[in-house]
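Colleague: Here you go, one structure.
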Amino acid sequence: MDDVKQADRSLVALKLPAGWTLTGLVAGLALGLILAGTAAMEPVLAVAQPVGKLWLRALQMTIIPLVAALLVMGISQMLDTARAGQAARRTLGWIFGVLIFSGIASVIAMPALLEAFPIPASAVGVLGAEEVGEQVVPPIGDFIASLVAPNIVAAAAETAMLPLVIFFVLFAVAISRIAPGQREILLGFFHALGNAMLVIIGWVLWAAPVGVFALAIGVAAQSGGGAIAALGHYILTVSAMGGIVLIAAYVLAAVAGRQNPVKFFRSMIPAQAVALSTQSSLASLPAMLDSARRLGLRETTADFVLPLAVAIFRATSPAMNLAVAIYVAYLTGVELSPQTLAVGIAVALIISIGSVSLPGSISFVVSIGPIALAMGVPIEALALLVAVEMLPDIMRTVANVTMNVAVTSAVDQSGGTEGAMKKTPDMQL
C-alpha cells in the first residue's frame, strides 16, 4: 500500500527533445538569414508567425495551474522535512541560506555584468521582444496592499504572480494543519493536477522544434547576422551567475565545512564529470556520495543530507532564473527598482522549492515565467531562450552538485546527523 501511495505522489517522467529544439532554432535562424530581403520572405512569415505565436500561447497557458500545484507539493514536502528532526532543520537552514545568497548575488552581479558588457543591439530581434517603455513604480503602501488579492481568480486571470504565490504558500501551510484524511485528499488533488499539467506542457514542448523554428525565422529576418552573437552573449552572462554559486560552494566547503580547498577540488572532479555528462543531479547522487567519502565526511551525514538535497535543493535556481528575468528586463527597457528586485528574489526563492524535480526545459518555463511576471518583465522571450537552455543547464548541474556536497560538509562540521530520525520523509527523487 505504501508503494502505491508513493507511486501516486511521484511526478510523471518526461523526456523532451532538447537537441531537436536547438536544431529547430539553428535551422530557423539559417532559413531566415537566407530568405531575408527576398520576395519569398513575406509568404513564409505569413505562415511562420501564427504558428510561432500559437506555440507560445500554448506554452504560457499551463504556467499558473502548474506553479500552483508544484508550490503546494513543494511547501508540503518542505514542512514534512522540517519535522524529521534537528538534523533536517539544520540542513534546511543551510539550504535556505544558500538560496537567499544565490538570489541576492544575482541581483547585484547581473546588472553590473550587463553594464560592463551591454546586450548587443541585435538581441531585441533575436529574443523576439520589444521595448515596453518606462514603468511606474507604485508607492510602497500600494505595493503592500497588492500582496493580498481580494479575488484569487481575478489575480490568476491578470497573472498577478506575487499575490498568487503568497496565496498558495499560505494554502500549503494551511493544508499541513488540517485533519490527516482531508490533507491527503487535497495533496492528492494537487499531485494529480501537477501531473496533468506536466503532461500538457510535455506535449507543448514536444512541439518546441516546430514552434522555435517558426519563431526563429522571423527573428533572423529582423536581426540578421547578429542572432548567434546575441544568443551567445545571453548564454555567457546567465552562466556566469551559476559560476558565482560554483565558487561560493568552494568557499562554503572551506569555511563552514573546514575542508582543504585543494582536496575538495580534487574530490569533486568525479561528481562534476557525471553532472557534466548527464545534466542530472539525481544521476550524480552516487558520485556525490563517493566524493563525500573521499572528503572524510561521516557516512550518516552524507546518506541523510545528499538525497535530501537532491530532492528539494537547487542552489543555482534563484541566481540563474533571476539572471534570465533581469536580462529580458534590460532587453525590453523594464526599470528594475530595488522593490522589483526584492520581489524577484522572494518569488525565485519560493518557486525554486517547487520545481526541483522537473526536467530542465519545463523547469525553465515554470520557474522563470512566474519570476518575470512578478517583476513586470515580458515572458515572450522565453519561447526562444528555452531552445538554448541545455547549454546554461550544464553550469546549473555542475554548480548544484558541488554545492550539495559543500552543504553536506557544512552540516557534518556543525554536528552531523547524530540523533536524527532514522526515517526521513518521503522525497520525490
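The values are calculated or read from the model by the stated rules, or taken from the named source; none is laboratory data. No experiment lies behind these values; they were computed from the predicted model shown. With ideal geometry, Cβ positions are generated from the backbone for all residues, glycine too; neighbour counts draw on all protein chains shown. With ligands, DNA and RNA removed, areas are computed over all heavy atoms of the protein, side chains included. Shrake-Rupley method; radii C 1.70, N 1.55, O 1.52, S 1.80 Å.
Colleague: What's the extension gain from Ile100 to Gln49 if we count 0.36 nm per residue and subtract their Cα-Cα distance?
Modeller: Values: separation 51, 0.36 × 51 = 18.36 nm, distance 3.98 nm.
Contour length minus the Cα-Cα distance gives 14.4 nm.
Colleague: 222 nm [θ] for the chain, helices only, -39500 (n - 2.57) per DSSP H run of 4+, per residue, to 500?
Modeller: -24500 deg cm²/dmol
Colleague: Just for the Cα atoms in segment 143-220, what are the lengths along the principal axes, largest first, rounded to whole Å?
Modeller: Cα spread of segment 143-220 along its principal axes, largest to smallest: 54, 35, 15 Å.
Colleague: Next up: How far is the Cα center of segment 290-333 from the Cα center of segment 161-193, in Å?
Modeller: Segment 290-333 and segment 161-193 have Cα centres spaced 25 Å from each other.
Colleague: Got a sec? Charge dipole of the chain, +1 on Cβ for Lys and Arg, -1 for Asp and Glu; which of Leu11, Leu331, Gln272 is way out at the positive end?
Modeller: Gln272
Colleague: Another question about this same structure. Mind pulling the angle between the C-alpha long axis of helix 285-294 and the longest principal axis of the chain? Nearest 10 degrees, somewhere in 0 to 90.
Modeller: 50 degrees
Colleague: Using a Förster radius of 30 Å, what is the FRET efficiency between Ala157 and Ser10 based on their Cβ-Cβ separation? Nearest 0.05, please.
Modeller: 0.45
Colleague: Under a 1.4 Å probe, what is the accessible area of the chain per residue, stated in Å²? Spell out each step's value before the answer.
Modeller: Details: 18190 Å² over 429 residues.
Here the per-residue accessible area is 42 Å².
Colleague: Give me the percent of the accessible area of the chain that comes from carbon and sulfur atoms, probe 1.4 Å, all protein chains in place.
Modeller: 67 percent
Colleague: Okay, next question. Using only Cα atoms, tell me the angle between helix 63-82 and the longest principal axis of the chain; keep it within 0 to 90° and round to the nearest 10.
Modeller: 10 degrees
Colleague: With every protein chain left in place, what is the accessible area of Ile104 in Å² (1.4 Å probe, nearest 10)?
Modeller: Here the residue's solvent-accessible area equals roughly 80 Å².
Colleague: Students often get this wrong: which residues of segment 162-179 have the backbone nitrogen under 11 Å from the point 7 angstrom along Cα-to-C-beta of Leu79?
Modeller: Under 11 Å, as judged by backbone N against the label point of Leu79, lie 169-179 of segment 162-179.
Colleague: Then there is this: For segment 30-131, what is the Kirkwood hydrodynamic radius in Å, using each pair of distinct C-alpha atoms?
Modeller: One decimal place: 18.9 Å for the Kirkwood radius.
Colleague: With +1 on each Lys and Arg Cβ and -1 on each Asp and Glu Cβ, how big is the dipole of the chain about its Cα centre, in debye rounded to the nearest 20?
Modeller: It comes to approximately 1180 debye.
Colleague: What distance in nm separates the simple spin-label points at Ala112 and Met61, each placed 7 Å from Cα in the Cβ direction?
Modeller: 4.4 nm
Colleague: Considering only Val199, Ile108, Leu295, whose Cα is most displaced toward the positive end of the charge dipole of the chain, charges sitting on Cβ of Lys, Arg (+1) and Asp, Glu (-1)?
Modeller: It is Leu295.
Colleague: Can you tell me the 0 to 90 degree angle between the C-alpha axis of helix 18-35 and the longest principal axis of the chain, rounded to 10?
Modeller: 20 degrees
Colleague: With only alpha-carbon atoms counted, please give the Rg and Dmax of segment 224-320, in Å.
Modeller: Spelled out, the Cα radius of gyration and Dmax of segment 224-320 are 15.8, 57 Å.
Colleague: For Glu389, Glu42, Glu184, write out the residues from largest to smallest accessible area, computed with a 1.4 angstrom probe and no ligands counted.
Modeller: Largest to smallest exposure gives the sequence Glu42, Glu184, Glu389.
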